[in-house]
Every structure is written in structure tokens, then in C-alpha cells.
1. Which one of Val113, Val176, Val180, Val98 is within 16 Å of the ligand (Cβ to nearest atom) and surrounded by fewer than 20 Cβ atoms within 10 Å (Cβ to Cβ)?
2. May I ask you to list the residues in the range 13-32 that are away from the ligand (no atom under 12 Å from the Cβ), touching a helix residue (DSSP H, G or I) at 6+ places or on another chain (Cβ under 8 Å), at negative phi and outside any helix (DSSP H, G or I)?
3. Answer with yes or no whether Asp145 is over 30 Å from Cys229 (Cα atoms), of a type in the set (Asp, Glu) and out of contact with any Lys or Arg (no Cβ under 9 Å at 6 or more places or on another chain).
4. Checking Val66 against (1) more than 15 Å from the ligand (Cβ to nearest atom); (2) under 23 Å from the mean Cα position of the chain (by Cα); (3) within 20 Å of Gln323 (Cβ to Cβ): exactly one of these is not met. Which one?
5. So which residues in the range 302-335 are away from the ligand (no atom under 16 Å from the Cβ) and either buried (at least 22 other Cβ atoms within 10 Å of the Cβ) or aliphatic (A, V, I, L, M) (or both)?
6. Please work out which residue is nearest to the ligand (Cβ to nearest atom), limiting yourself to the range 72-84 and to residues that are surrounded by fewer than 16 Cβ atoms within 10 Å (Cβ to Cβ) and not in a strand (DSSP E or B).
7. So which residues in the range 290-300 are within 24 Å of Asp24 (Cβ to Cβ) and either buried (at least 23 other Cβ atoms within 10 Å of the Cβ) or away from the ligand (no atom under 15 Å from the Cβ) (or both), if there are any at all?
8. Step by step: first the residues of the range 112-149, then only those that are among the hydroxyl-bearing types (Ser, Thr, Tyr) and in contact with an Asp or Glu (Cβ under 8 Å, 6 or more places away or on another chain), then the one that is nearest to Ile92 (Cα to Cα). Which residue is that?
Amino acid sequence: MNAQQLIDTARTLVAADKGLLAMDESNPTCNQRFARLGIPQTVEARRSYRELIVTTPGLDESISGVILYDETVRQQKKDGTPFVKAITDAGIIPGIKVDTGAKDMAGHPGEKVTEGLDGLRDRLKGYFQIGARFAKWRAVIAVSDGIPSRGCIEANAQALARYAALCQETGLVPVVEPEVLMDGDHSLERCREVTEEVLRTVFNQLNGQRVMLEGMILKPNMVLPGLTCPPKQEVKEVAAGEQQYQVRLTDRQQDEVKDVDEVADATVKCLLRAVPAAVPGIAFLSGGQSAELASARLNAMNVRFKSRLPWALAFSFARAIQQPALEIWQGQEAHVLAAQQALNHRARCNRAARRGEYDAAMEGLSTTTSIPKLKKPAA
Ligand code: 13P
């Protein structure tokens, strides 16, 4: 292991307000996303789509690294240039997803444990030889009644730590991804509690496995309410002395302002408690948020806290960068340029969010109907 190289790569991945583009969907996940848009689910369609991404002009201005999948890391552009060479020539660092997926956990209904440790040392050596310089492993933690269990959190944290140690041994920067899922009706507070417990456990295990924190990136979820968490409500007493309450939904716009600030505050509070200052960067996953909200929430964190944080707050989005481009492309050669523009646009929005300069106007939306400008909180 060359410690300085690992540190340099980790720092480069979060330098210059850039972030990561996750284009490492497994074949089943990629096929599902294609199927929804009527795109053929073939090796060639997946290759063409990935060529569209890696040949997007100007992508390197906002993207420091891309995460590839095993199929993609071995593929080439139509003209025969390996993707890894095209990416490296563009000034972007190639990375690779190395887990083999989250599987049902024995004895733990509703919970998953991520597999892929068997044979990992040799696979990592192979990826390094192909040109990868960082690697990702995703653990998924579901939230529901009685879960996550300690057993699930510990098993996943230990696998993450063992993978991270093997990565560093091989010269690959580990991107450690413990994802607390958005599915469910849990509150923002519950997500914060679970995320904090998961991160504390992950860092205990990383220390136990002697992972060098300066040579890794953390890829966590933002702290968010569950997707089916009931909307915020204001309860207003309408008749003094009577036990009658009128429940009304708050104005959508106020909800958005509060939501963005609350998510920023809860996420940063949680990270400050659980993530050691030696870690150079935190690159969030998007987890199913809309592309605009993911940018706005990252922006809010940087506007409100950037100057006071020990680590860079960056992005490592898949859907929140790719989804608009995929919807434009639809498998059609004639749509490639428009799709690349959409991809670049999202990448630029997220770079702006790292600077705390993202604004709804960048989306061509009226500031009265979407994401608000944000203010620094009182010190
Ligand atoms: P999303 O940004 O779509 O959550 O994907 C990030 C990722 O890499 C999942 O492993």
C-alpha cells in the first residue's frame, strides 16, 4: 500500500468542488431502468448508454471520478477505445463497484447483508490493472418497525471495513457506502438516529480493520424522512375550550424551505457526531430524491456549514445526475447530444451546490415555485 497515493487520490476525488458520478448500476438494475423507458435491455444498449456518459463534453469540469460496473469497466467505445482510457484521458478517475449485491440476511426478515468478500483481493488486483483507482461497496439498511437490528448493522459494517482494508492494500481508495434507505414512513428524526448508529458502527469497524481514514471517502445517505412519511401538518386550534382541531397542510413552498434547511441541519449534525475529521470527503448518494432536491439539499449544507466542517461535502449521485439524461436518450442515437447536455447540466448544478451557489434559476424554474435561496443560520 502506498499511503500517500491513497491520500492523494482521495483528496483529488473531492477537490475543486467536483464530485463523483455513479454509473455502476448492476445489469438487473440498469435493465429495470431501461425497461421503464422502453429501452432494449441488451449488452449493446447498456454499452451505448455508458458511451454517451463517458463522452459527454466538459464532464470533467464537474466530475472528478466515475464509478463503473464490472461489465462496463471492460467495455469500449464504438471506435474501440476502452472506456477506462477515455475516462482517464478526459481527466476523470475511473472507479469500480466491487460488492456483489445485497442479499437477504439469514434470521433477519426484511434485512439485507451485502456480499462479495470471497475472492475480493484478486478481483481488486484485476481492477487496479485495468486502471481503476477507487472502489465502491454499498450496504443497505432498511428502516421499519424493529429494524434495523444490531446484527444487520454490525454484519454490514464489518463487511464494509474488510472490503475497505483490502482496497487500501491494493492501492484503491475505498468509497464506503452504508445507505439507510428512504423507503418507509419513518420520520426524519428516526432516519437521523439510525444513520448515526450505522455510521458510528462503521467507523468502529474501520478502525478495527486498520483502515486509513485519510485514504477513504464516505458515501452516506442524507438524513431524510421516509418516502411515505406523512406530510408535515400544522394543527390549529379553531375553537378555544373545545377539543377540536383543524388540520391543514402547510403551504408547499414553506414546506420546501423548511425541508431543505431541516435536512441540511439534521444531516450535518449527524455527520459531525459520527464521522472522524481525518476523513477527507463525504460524497452523498441521492437515494431516490428528485435531482433538484438532491442539489438543493447539498447546496443548503454547504451554504450553512461549509466553513465550519472538517471534511468536504460532495456528491456521488447516480439517479440525481443520470435520470433526466436517460429519459431524454430513450435509446435513440438522435437524442445523444440532448441527453449529454442534460447530464452535464446536472453535474454543473451539483458542482454549484458544493460551492453553495446552486439556485433554482439554474433549472430555468421560477424561484417562487421551487427551491428557495438559502441563508446562513445564526452562528
Ligand atoms: P443514487 O444516487 O441513485 O442513490 O445511487 C448512488 C449509488 O451509487 C447507489 O449505490
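1. Among Val113, Val176, Val180, Val98, only Val113 is within 16 Å of the ligand (Cβ to nearest atom) and surrounded by fewer than 20 Cβ atoms within 10 Å (Cβ to Cβ).
2. Selection gives Lys18 alone.
3. no
4. (1)
5. Matches in the range 302-335: Asn302, Val303, Leu309, Ala312, Ile328, Trp329, Ala334.
6. Selected residue: Arg74.
7. Of everything in the range 290-300, those that are within 24 Å of Asp24 (Cβ to Cβ) and either buried (at least 23 other Cβ atoms within 10 Å of the Cβ) or away from the ligand (no atom under 15 Å from the Cβ) (or both) turn out to be Ala294, Ser295, Arg297, Leu298.
8. Filtering the range 112-149 for residues that are among the hydroxyl-bearing types (Ser, Thr, Tyr) and in contact with an Asp or Glu (Cβ under 8 Å, 6 or more places away or on another chain), the one nearest to Ile92 (Cα to Cα) comes out as Thr114.
A short reminder: the numbers here are calculations on the coordinates, not readings from a lab. As the structure is a computational prediction, the values presented were derived from the model and not from experiment. Counting neighbours? That spans all protein chains shown, and the Cβs are built from the backbone with ideal geometry, glycine included.
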